[in-house]
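Encoded as C-alpha cells, the structure appears first; notes follow it.
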Amino acid sequence: MTKYVLKRVLMAVITLFVVICLTFFLMNAVPGTPWLSEKTPSEATIAALNEKYGLDKPLIVQLGKYLENLAHLDFGNSIKMQKDRPVLEIILTMFPISASIGAIAILWAILVGVPLGCLAAYRRGTWVDSLLRVICTIGISMPGFVIATMLLHAFTGGIEGLKFFPTIFQQGTAKSYVLPCLALGFYPMCYLSRQTRTAMLDAINQEYIKTARAKGLRNKTIIFKHALRNALIPVITYLGPQIAFTLCGGFVVETVFTIPGLGRYFVSSISNRDYPLIMGTTIFLAAFIIVMNLIVDLLYKLVDPRINLAKGGE
Amino acid sequence: MAENEKTGKLLEVKDLHVSFFTPAGEVKAVGGISYDLNYGEVMGIVGESGSGKSVEAYSIIGLLQSPGKVIGGSITLEGEDVLAKSKEEMIALRGSKVAMIFQNPMTCLNPVYTIGNQLIEALKAHDKKVSKQEAAKRAMEMLELVGINNVQKRMKQYPHELSGGMRQRVMIAMGLICHPQLLIADEPTTALDVTIQAQILELMKDLQKKTHMGIIFITHNLGVVAEICDKVSVMYAGKMVEQGPVDDIFYKPGHPYTMGLLRSMPRVDAESYERLIPIEGTPVDMLNPPEGCPFAPRCEYAMKICLQKMPPYVELGDGHRSACWLRVQEQLQREKQGAAETKEVPEHE
C-alpha cells in the first residue's frame, strides 16, 4: 500500500513536469505578448518590460528559472491581470470560492444523480425511466452556459414573480450560491444518473443477485446492498476527475454569474497572456486532478476487495 | 438434524404450464408437467438446454423473471399452494423452506462481501432474532459441515480468494443454513471439473442423508443422475416425456429420447470400439413447436400418429411412466392378448 502510494507520487511528479513543459512552450508559441492592449506601447517600453520580467532571455533559460523557483514553491508574480501580486496568493484567494461552489454542486449531483439512476434502473421501461432519460439527455447534451443563462434569466427577475436570487454574486450570502451550484451540478448529476443506471442494470443481471433473491432477501436489501455497491465501481471512476474539474471552477458558470473564481482566471489569464498566472493555474489544476485520481484509486480498494493495489491495481 | 424425518408428499406439481411472452410470440417453456416429490427423496430432472428444466424449478421458488409467467397448473409444497402466495410470503419461503443453488459458483457469490457476511445474511433474513455471535457460530458450523476447514479465516475471506469447488461448498452451506425441506440444485456440478464434481456430489449425498431434505437435481448429465437420484424425470421441449425410478430409466427406458440420451453417454462397460451415438436433428424451435409429440421429428420410430397427437402417459409399473405412442400400442396389444387369453373383460381403469 505505502509502496503503491509512493510509486503513484513519483509518477505524479513526472506527469506534472511534462504538463509544465508543455504548457510553457505552448503558451509561448501563441502569438502576442502581455503588453498588448488598446494602445500599443513603444518598442523601448516593451523591451524594458521584457527585460524587467525576464522575457528577453531564451525560452529554455526562462523555463529553467521557472522550475528553479517552483522548487521553492514560488509561482512568480502576475505580470498583467493583478500586476505584481504573487500568483500563489491569487490562486489561494480564488480557489476557496470556486471550491465551495464546486463542492456543493458535486454533492447535490451525487446525492440526486445516484438515487435517480437506481430508480431508473429499478423501474426500467416505465414512464419514470423515460422521463429521467429525457431530463438526463438534455442535461448531458446542453452546454453549461445555456442552462446557466436560463436559470439566471428565470430566477433573477426575467420572469415576473420569480425573482428569488440576486443577479450579482456576493460572497458569503447563501442565496448567491443557489443558482451557480444548480447550474454547475446539473451536468454531473445527469451523467452520474445515466452511468448509475447502466451500472445498476448490469449488476442486477448478475448471478449473485439471483442468489440473493433465492436467499429470501428483500428487494431493498438486494438493490442497495448487493447491486449498488457493485454498480458504484464504474461511477467512482468518473467521479474522480469530475470532482477536480468542478471544484476548480466551471469557467462558464463563473462567467455567467460573475463569480470571482479560479475558473474565470484560468481562462482570462490566457487571453491576457499573463504567463505566470497561466502556469500557476494550470499546474494547480493538473496537480488537483492527479491527487483526485489517486484518491479515487485508493477508494476502489474500499469498494471492491478484488482490487489489489500491491500488484499495481490489477 | 435428522429430527425432521417426515414422510409423505413434500412437493406436488400438477399440470404446470409456464410461458414466456416474448415480442416474437408466446414460448411455452413448460407445457404441462406433473410430478410428486416425497420428503427425503432426490429427483433428477434431465433434459437438454432449453427443455424447460430450469424454468420449471424457478417457478417453484417464485424466481421466474419477466416475461416468464406460470399460466396454469398448481404447485403444492407441504400442503400449501405456492402459486397463491403473496410476494411477502414468497420472500419468507425462499431460503427457509426451499433453498436453491446454482450452476456457476464463480459468479453466484457477491464479489464485494465476505463469505461470512453472505452466510450470516442468509440466516438473518429468516431469523431476525438471532444474535450476531450466534449467527456467526451457525455460519461456521455450516462451513464445517460442507467440508471447509479453517473456517475462522474463511469467514473473513472474499469469494475471489476461494476456488470454484470451495465456492460451491459455500453456496451449499448458504442454502442449508436455514434447514430447508427442499433444495433445488440447478446444475450445481456443471461448471466444475470432474474431480471436484465428484466431491460435491459426494457431499450433497452425504448432507441429504444427514438432513433428510428433498432435492430436485437439475442436470443434463445422466452420470450425475445415476450417482445421486432416487427417481428421474426426463424433459424434452417443455414436456415430461418419461418419469420413473432411476434404475428403470437406465435399464428399461420407455421413451426413444431417453434411449437416445443413454446411447450418447460414454459407459465404463462399453466395448472399446463402440461409438457414441448422437441424437440426430436439432432441438425444437420453441416458438413453433410441432404438433403431436415434440420429439417425433427426431425420432427413429416415429409413426404417423406421433406427428399429429401428443401421446398420453403409459404406466410401465412402479411409478415408471412414459409418453410415447409405441408404449401405447404395446399396452393396447397386451390388453387385447390379456382379454383373449383370459376371455375376461379388461379391468376398467
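Just so it is clear, none of the values below were taken in a lab; they were calculated from the coordinates. Just so it is clear, the model here is predicted, and its values are computed rather than measured. Quick reminder, even Gly has a Cβ in these numbers, built from the backbone with ideal geometry, and neighbours come from all protein chains shown.
Ellipsoid fit via the Cα gyration tensor, region A:95-312: semi-axes of 35, 24, 12 Å, each the root of five times an eigenvalue, largest first. Pairwise alpha-carbon distances in the protein assembly as shown exceed 48 Å for 40% of all pairs. For B:Val42, the residues whose amide H sits under 5 Å from its own are B:Ile215, B:Asp230, B:Lys231, ignoring neighbours fewer than 5 places away on the same chain, with H placed 1.01 Å from N. Seen from B:Val27, the other residues with C-beta closer than 12 Å to its C-beta sum to a net charge of 0, counting Lys and Arg as +1 and Asp and Glu as -1. In the structure shown, do any of B:Lys124/B:Lys153; B:Lys9/B:Lys231; B:Lys85/B:Lys129 have a Cα-Cα gap over 18 Å, and if so which? With Cα atoms farther than 18 Å apart: B:Lys124/B:Lys153; B:Lys85/B:Lys129.
Computed from Cα atoms, the angle from the helix B:115-124 axis to the main principal axis of chain B rounds to 70 degrees. Taking the DSSP beta bridges with both ends in chain B, the antiparallel portion is around 60 percent. Cα convex hull, chain B: 172 Å³ per residue, rounded to a whole number. Note: region B:1-159, Cα convex hull, 157 Å³ per residue.
Only lysines eight or more places from A:Lys39 in sequence, or on another chain, were considered; those with a Cα closer than 24 Å are A:Lys52, A:Lys80, A:Lys83. Given the options B:Thr107, B:Thr211, B:Thr190, which has the most mean-square fluctuation in a GNM of chain B, springs set between C-alpha atoms less than 10 angstrom apart? For chain B, modelled as a Gaussian network with Cα springs under 10 Å, the answer is B:Thr107. Near B:Asp230, once Lys and Arg are set to +1 and Asp and Glu to -1 for all other residues with Cβ below 14 Å from its Cβ, the sum equals -3.
Here B:Lys239 is the anchor, and the aspartates and glutamates within straight C-alpha reach of less than 13 Å, apart from those fewer than 8 places off in the same chain, are B:Asp15, B:Glu48, B:Glu56, B:Glu291. What aspartates and glutamates could a cross-link reach from B:Lys205, if we take a straight Cα to Cα line under 19 Å and drop same-chain neighbours fewer than 8 places away? Cα-Cα hits under 19 Å: B:Glu3, B:Glu5, B:Glu41, B:Glu141, B:Glu144, B:Asp186, B:Glu187, B:Asp193, B:Glu227, B:Asp230, B:Asp247. Each Lys or Arg adds one and each Asp or Glu takes one away; over the other residues whose Cβ falls under 11 Å from the Cβ of A:Tyr265, this sums to -1.
Can you put B:His212, B:His160, B:His126 in order of Cβ neighbours within 10 angstrom, beginning with the fewest?
B:His160, B:His212, B:His126
In this simple spin-label approximation, B:Thr195 and A:Met81 carry label points 7 Å from Cα along the Cα→Cβ vector, and these lie 6.9 nm apart. Toward the positive end of the charge dipole of chain A, with +1 on the Cβ of Lys and Arg and -1 on the Cβ of Asp and Glu, the farthest Cα among A:Asn219, A:Leu55, A:Gly172 is that of A:Asn219.
Mean partner shielding of peptide B:106-115, defined as the number of other chain Cβ atoms within 10 Å of each residue Cβ, is 6. Under a GNM of chain B (C-alpha, springs under 10 Å), which listed residue has the highest mean-square fluctuation: B:Pro297, B:Pro111, B:Pro311? With Cα springs under 10 Å in chain B, the top fluctuation among B:Pro297, B:Pro111, B:Pro311 is at B:Pro111.
Would you check region A:95-312 for Lys pairs whose C-alpha atoms are within less than 21 Å, ignoring same-chain pairs closer than 8 in sequence, and give me the count? Number of lysine pairs found: 6. Relative to the longest principal axis of the Cα atoms of chain A, helix A:43-52 runs at roughly 60 degrees. DSSP finds beta bridges in the protein assembly as shown, and of those with both partners inside it, around 65 percent are antiparallel.
When the helices of the protein assembly as shown are scored as -39500 (n - 2.57) per DSSP H run of n ≥ 4 and the total is divided over every residue, the value at 222 nm lands at -16500 deg cm²/dmol. Taking each residue as 0.36 nm, the span from B:Tyr273 to B:Lys205 lengthens on full extension beyond its C-alpha to C-alpha distance by 21.1 nm. With R₀ fixed at 22 Å, the C-beta to C-beta distance from A:Lys220 to B:Glu80 puts the FRET efficiency at about 0.30.
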